[in-house]
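The values are calculated or read from the model by the stated rules, or taken from the named source; none is laboratory data. Just so it is clear, the structure is predicted and the values come from calculations on it, not from any experiment. Positions of Cβ are generated from backbone atoms using ideal geometry, with glycine treated the same way; all protein chains shown enter the neighbour counts. What goes into the accessible areas is simple: the full protein's heavy atoms, side chains included, and nothing from ligands, DNA or RNA. Shrake-Rupley method; radii C 1.70, N 1.55, O 1.52, S 1.80 Å.
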Amino acid sequence: MVISSSNYRKIYFFLIIISLITFLFYLFKKNFNFKKNEYLRTNCPNSSYAIAYFGQSNAANSVNRINKSNIPDNLYQYNFKDNNCYEYKEPLIGASGKKGNTITPFAISLANSMEENILIVPYGISGTLIESWSTGNKRLLKKNLLGNLKNRKINVDLFLFHQGESDAAVVRNLSKKSEKLQYSRKYLKNLLKIIDQTRIYFPDSHFGLSLVSKCFNSQNNYYITNSQKEATKLRPLVFISADSDAIFGRKYRYDNCHFNLKGAEKLSKQYTDSLIENIIKY
């Protein structure tokens, strides 16, 4: 069978058209994905109820799925890396990881319940120890986080700290041999340093502590959780914001450490209840 030159031209033209369509589709998809992942910068609200959320992975972007709930118009996030505010969208800017965040259900619920603007300041970092935040290179004062907030006239009303899993194994083994008290003096000392650092910039802020010690281990470490409880007795405006250790098992944690959406919602309920009990009656 002989293919004529005219048929060759038709085939060649057809291949060009297909290639062009494929290329245009690639550009469209690339642009769509860019817009989908784009964070919209906005003015920081003139007044807001600001919540700083930090700690290790369960305060970072580690929830297995992105939250698909509608975001209220009065909910914003602050990015400490460029000192600007953005529309609220997961993964949250500033926190490590690329998944959902446990603060989101609580933030949405709070924004839907209040007329005031809600500003979330996320900077949780996976795998951090208590010393990382108190004296190490990830401490609160790194990159002038608190100072930049203060200079922008953003008053942090509430700090929520979710940390303890990384320290649990170390303290569990060490405390059996050396601790006479029912809490870890070292952990408590570092925890109080963190609280005191926030008070330098925001002396009237509240500080919420989750009871946190479980990750892959079903047994809680009472040296850690008792230290967290002890801190509430030694500093004013410090309270227990949630019992994270009570939310355990595959039903709530997809890998027996990090929360799924159901676990994040249950944690959110505890945050809401503690906020109403200790700070805001709404």
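Taking all protein chains as present, what is the carbon and sulfur share of the accessible area of region 92-236, in % to the nearest whole number, probe 1.4 Å?
Percent of accessible area from carbon and sulfur atoms in region 92-236: 49.
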Subject >> Vicinal HN-Hα couplings computed from phi for region 250-256 (Karplus, 6.51 cos²θ - 1.76 cosθ + 1.60; Hz; Gly/Pro x) >> reply: 4, 5, 10, 10, 5, 10, 6
Original post:
For HIS162, what is the net charge nearby, where nearby means another residue's Cβ is under 13 Å from its Cβ and Lys, Arg count +1, Asp, Glu -1?
Top reply: -3
Subject >> Local electrostatic count at ASN101 - Lys and Arg +1, Asp and Glu -1, tallied over other residues with Cβ under 14 Å >> reply: +3
**OP:** Whole number in Å², please: accessible area per residue of region 213-282, 1.4 Å probe, ligands, DNA and RNA not counted.
**Re:** 48 Å²
Original post:
Taking the Cβ-Cβ separation of LEU181 and PHE216 as r and a Förster radius of 30 Å, what is the calculated FRET efficiency to the nearest 0.05?
Top reply: 0.70
**OP:** Could you tell me the accessible area of ILE18 in Å² (1.4 Å probe, neighbours in place), rounded to the nearest ten?
**Re:** 80 Å²
Original post:
With every protein chain kept in the model, how would you rank TYR76, TYR39 by accessible area, 1.4 Å probe, largest at the top?
Top reply: TYR39, TYR76
Subject >> Heavy-atom SASA rank of ARG253, ARG199, ARG235 (probe 1.4 Å, accessible area, largest first) >> reply: ARG235, ARG199, ARG253
**OP:** Count charges around HIS206 for me, please; just the other residues with Cβ under 12 Å from its Cβ, Lys/Arg as +1, Asp/Glu as -1.
**Re:** -1
